[in-house]
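First the structure, in the form of structure tokens, and then the observations on it.
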Amino acid sequence: MFGRTYLRRIQGCAQILTVLACAIGPLLLAETLLHIGSYDLIFDGLGIAVVLLGIAFVTRSAAVATDRGSRPSTGSGRDEASS
């Protein structure tokens, strides 16, 4: 969808988010267990956050596809010139 132009940026961003999640995740779980006595609250909260982010992604993707005539651009300029 994005092509080679954005591949390094996407992978770099994904790597940073993965490292941050690996660093912060255990701390959040430990603090939740310490203060509440159960993991239920943190997992319920994170589950809700994932569902909301999924809904936001789907609605944003649909809006972008509608704006572009249901044809995503690669950002390279080649697709627009060849059609």
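Evaluating G37 against the criteria (1) touching a helix residue (DSSP H, G or I) at 6+ places or on another chain (Cβ under 8 Å); (2) exposed (fewer than 10 other Cβ atoms within 10 Å of the Cβ); (3) not charged (D, E, K, R) leaves one unmet condition, (1). Each residue in the stretch 1-29 was checked for being of a type in the set (G, A, S) and under 19 Å from G47 (Cβ atoms), and 2 of them qualify. Determine if the stretch 16-26 includes at least one residue that is more than 30 Å from A65 (Cα to Cα) and in contact with a Leu (Cβ under 8 Å, 6 or more places away or on another chain). No, because not a single residue in the stretch 16-26 is more than 30 Å from A65 (Cα to Cα) and in contact with a Leu (Cβ under 8 Å, 6 or more places away or on another chain).
Exactly one residue out of T18, T66 is hydroxyl-bearing (S, T, Y), at pLDDT 95 or above and in a helix (DSSP H, G or I): that is T18.
The values are calculated or read from the model by the stated rules, or taken from the named source; none is laboratory data. In this text the structure is predicted, and so the values were computed from the model without any measurement. Note that we place each Cβ from the backbone using ideal geometry, even for glycine, and neighbour counts take in every protein chain shown.
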